[in-house]
Amino acid sequence: MARGGSSNVLMAASEFKWFDDILVVGDGNFSYSYDLNVQRNVAAGGAKGREKGYMMATSFDSLIDLKGKYDDAEYYIEHLKEDGVDVIHEVDARNLSETLPRASVKTLKFDCIIFNFPLVPLTQTAEERSKTPGKNVCVANRNLIWRFIKSSTLLLKNLNSRVFVTSKVCNPYDRWRIASLGPGFIKSVPFDWSSFYHYQVRKVNVIHRSKKQKVGFPTNSDNVRTFIFEPNNVRKHGKMSPGSQEASSVIATETRFLCHICRIECKSMNEFLAHCTGKRHKRLMIAEKKWRIFLIQFN
């Protein structure tokens, strides 16, 4: 089929194409899906229906909960549906096959699966806290992303289909070491905020104690990146388990001084030793040890 117009959508270094079949996971008020769909329409140059590519947008919350959290969610949902985007609620990123509509799981495969700013849900009761894997916040969030990538593999169309995870990379988010949480990691690219006019990010797992309101989630282009995986293409990229030596080791050779924990290369032994005694490296090492303990218990 001939495809006209610009092939790329201006997002995450033009990694998406307007004719891709896309699944968006964990959208809050659906403002991200709304903006992404607008971009696809512009790039498609008037293409309609399946020629444009299929898109499904999902939320973890129910529709009732969304209305209580976001004043504008209904607006974005209505416009997405009018343009042929399927909107599904109560979809768990950790278990997509079981929480997406069964008919969709059997018939649909995607070129791209997207999860932006993953955070473990707010837990308030003792029962909810007991169900959260790992008491450590870093471990709980790494588990969420790890299980999302594993869950996505069954829904990908082919070996070159991709999984996208966008997150802040400053402290404490750097402790998650997202690149190590799935096979087929390709690269990370800056998140292109300039492509989005309505998208808003709000931190929903923290409540301000005095006002009992959700805390804002300030972001900028310097501390937000999109991590890209081809998890089914193990021949091309190799397979990395979340507890593998490659994913969590520090290696020194005569010519190269690599820290896979912090993903940096030092120029000399002195620089390497100084790095290993630095605060950031120690912080990530502590987080890595807790993650390994969790994996042993999980298995």
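The values are calculated or read from the model by the stated rules, or taken from the named source; none is laboratory data. These numbers were taken from a predicted model, which means no experiment stands behind them. Cβ placement follows ideal geometry from the backbone for every residue including glycine, while neighbour counts extend to all protein chains displayed. These accessible areas exclude ligands, DNA and RNA; they are computed on the full protein's heavy atoms, side chains included. Shrake-Rupley method; radii C 1.70, N 1.55, O 1.52, S 1.80 Å.
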Run the dipole for region 162-202 about the Cα centre, Lys and Arg Cβ at +1, Asp and Glu Cβ at -1, nothing else charged, and hand back the magnitude in debye, nearest 20. 120 debye
Please list the equivalent ellipsoid semi-axes of region 73-117, computed as the square roots of five times the alpha-carbon gyration tensor eigenvalues, in descending order and whole angstrom. 20, 14, 11
From highest to lowest solvent-accessible area (probe 1.4 Å; ligands, DNA and RNA excluded), Cys170, Cys262 read Cys170, Cys262
List, in the order given, every pair from Lys267/Lys289; Lys81/Lys168; Lys81/Lys109 whose Cα-Cα distance in the structure shown is over 24 Å. Lys267/Lys289; Lys81/Lys168
Please work out how much length the chain gains when fully extended from Leu63 to Arg292, using 0.36 nm per residue of separation minus the C-alpha to C-alpha distance, in nm with one decimal. 78.8 nm
Using amide H atoms built 1.01 Å from N in the peptide plane, name the residues 5+ places from Ile261, or on other chains, whose amide H lies under 5 Å from its own. Ser249
Under 5 Å from the placed amide H of Phe16, counting only residues 5+ away or on other chains, we find Val9, Met11
Under 17 Å from the Cα of Lys282 - aspartates and glutamates, other chains or at least 8 residues apart: Asp174, Glu265, Glu271
What FRET efficiency, computed as 1/(1 + (r/R0)^6) with R0 = 25 Å and r the Cβ-Cβ distance, is obtained for Val137 and Glu90, rounded to the nearest 0.05? 0.55
